[in-house]
Amino acid sequence: MKLVVIGGTGLIGSKLVKKLREHGHEAVAASPNNGVNSITGEGLAEALKGASVVIDVTNSPSWEDAEVLKFFETSTRNLLSYEAAGDVGHHVALSVVGTERLVASGFFRAKLAQENLIKASTVPYTIVRATQFFEFVEKIVDYSTEGNTVRMPPALIQPMAADDVASALAKIATHPAVNGTLEIGGPEQFGLDELARRSLAARQDPREVISDPQGRYYGIEVSERALLPDKDARLGETRFESWLTESAARVPNAHPQPTGVAS
Ligand SMILES: NC(=O)c1ccc[n+]([C@@H]2O[C@H](COP(=O)([O-])OP(=O)(O)OC[C@H]3O[C@@H](n4cnc5c(N)ncnc54)[C@H](OP(=O)(O)O)[C@@H]3O)[C@@H](O)[C@H]2O)c1
């Protein structure tokens, strides 16, 4: 079976291509770096030749409201029209749990637009909504940082390892389309504030996390359960603490304490 991973060089895409190949499938990593562009259409027809499945794990280079919307709309329209013209029988797209509850953000309005285009197309599909990746927690923390302080709401989050996202996608993509949405998440729930504290502590980062009900998640207010998946979500196995330990071992002194500072 030939599967084309659009965005196959990204965080999820590169892991997914590797897993598909390990399972004996022909997996193509398609992205601008490899001469395939879902916005301009460059290289798409060639990459999709003989493909039965397309997995869209692209992300927009810009998260500015208008640009991110244009990216996901244009890219999704192009992919679906090339797939409909070819022999593709399953379009899999990676989206985000809670998207419709997060539309105060332009990024999530763009993801919702992407989902709606897929639902309206004639190509059989599976939308996979994942919770936030462990790899994304640092960015969430950075976004809410002012000076040495991080203001985080106590809203609940059930994050997951990118590796578990890729495993779930590999399984779903090699099964028939469900013409619906599946949710995937991590094995544990945390308050966002607690998650931020654990993430910083593991990196010996001195920033202080303040629990603040008015605090923002990536710039928007979130209610207590807005980021949580449904109870029937498929759950990854990797726990945040073990992922932190492993990633700290891979990147020693990722955030070393300042040294030689005069007191
Ligand atoms: N971050 C989270 O916590 C989270 C949670 C749930 C779902 N998601 C979703 O997961 C998806 C993948 O995220 P990620 O972190 O793996 O993304 P990423 O690492 O930023 O990778 C993005 C990929 O998109 C490709 N790309 C960019 N422009 C393209 C174009 N015009 N044509 C084809 N490919 C293009 C990039 O290719 P080049 O390398 O060639 O530039 C790269 O391979 C996103 O849609 C995101 O919404 C994220």
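The values are calculated or read from the model by the stated rules, or taken from the named source; none is laboratory data. Predicted model only: the values in this text are computed from it and were never measured. Every residue, glycine as well, gets a Cβ built from its backbone with ideal geometry; the counts of neighbours run over all protein chains shown. The accessibility values were calculated without ligands, DNA or RNA, using every heavy atom of the protein model including side chains. Shrake-Rupley method; radii C 1.70, N 1.55, O 1.52, S 1.80 Å.
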Go through the range 10-65 and name the GluC sites (Glu not before Pro) that are in a DSSP coil and have 13 or fewer other Cβ atoms within 10 Å of their Cβ.
Glu42, Glu64
Out of the total accessible area of the chain (probe 1.4 Å, heavy atoms of protein only), what percent is carbon and sulfur?
50 percent
Sequence neighbours fewer than 8 away in the same chain don't count; with that in mind, list the aspartates and glutamates whose C-alpha is under 16 Å from Lys171.
Glu22, Glu26, Asp56, Asp163, Glu183, Glu237
Measure out, as a whole number of angstrom, how far apart the alpha-carbon centroids of the range 90-112 and the range 5-83 sit.
17 Å
Roughly how tilted is helix 162-173, in degrees to the nearest 10 and between 0 and 90, from the longest Cα axis of the chain?
20 degrees
If r is the Cβ-Cβ distance from Asn33 to Trp63 and R0 is 25 Å, what FRET efficiency results, to the nearest 0.05?
0.80
With the cut-off at 1.5 for a/c, could you classify the chain from its C-alpha gyration tensor as rounded, prolate or oblate?
prolate
On a 0 to 90 degree scale, rounded to 10, what angle separates helix 240-250 from the longest Cα axis of the chain?
90 degrees
Kindly provide the helix-only [θ] at 222 nm of the chain, computed as the sum of -39,500 (n - 2.57) over DSSP H runs of four or more divided by all residues, to the nearest 500 deg cm²/dmol?
-11000 deg cm²/dmol
With contacts defined as alpha carbon pairs under 8 Å and 6 or more residues apart, what's the relative contact order of the range 91-193 in percent?
34 percent
For a label point 7 Å from the Cα of Ser81 along Cα→C-beta, name the residues of the range 110-130 whose backbone N is under 19 Å from it.
113-124
Qualifying trypsin sites (Lys or Arg not before Pro) for the range 145-208 [loop in DSSP, other Cβ within 10 Å: at most 15]:
none
Relative contact order for the range 1-141: what is it in percent, counting Cα pairs under 8 Å that are at least 6 residues apart?
22 percent
What distance in nm lies between label points placed 7 Å from Cα along the C-beta direction at Asn148 and Lys18?
3.8 nm
Kindly report the accessible area of the chain per residue (heavy atoms of protein chains, probe 1.4 Å, no ligands, DNA or RNA), in Å².
48 Å²
From Cα pairs below 8 angstrom and at least 6 apart in sequence, can you work out the relative contact order of the chain, rounded to a whole percent?
18 percent
Can you work out the base-10 log of I(q)/I(0) for the range 1-77 at q = 0.25 1/Å, using the Debye formula on its C-alpha atoms alone?
-1.16
